[in-house]
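What follows is a short report on a single structure.
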Amino acid sequence: LYADRSLPPPPAAMEGGTEGPPKPLFGGCWSCRLLSGTGLLLAAFWIYQGPRMRMKLGVPPSMGTIAQITFAISERGG
């Protein structure tokens, strides 16, 4: 076969292969994902427990308390 040597090779051929899929932002580290996910769940639980304890003591809930519980439930369920 005849190869035209007057044209430069394509960039992929110069690098020694074709480019693969792009790498994930943090390299796909499962321990990092597990640690951050656990931290988010624990933070939601902490936010949920504060107003709940106050309501158990008989303190009537305020709008802020209701908003805090709603936010914590949406974080845990989502």
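Values quoted throughout were computed directly from the atomic coordinates according to the rules given, and no laboratory measurement underlies them. Note that the coordinates shown come from a computational prediction; the quantities given were computed from them, not determined experimentally.
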Inset, instruction - With θ set to phi - 60°, apply the Karplus curve 6.51 cos²θ - 1.76 cosθ + 1.60 along region 32-39 and write out the HN-Hα couplings as whole Hz, x wherever there is a Gly or Pro. - result: 5, 5, 5, 5, 5, x, 5, x
Inset, instruction - For L42 and K23, calculate 0.36 nm times their separation in residues minus their Cα-Cα distance, and state this gained length in nm to one decimal. - result: 3.9 nm
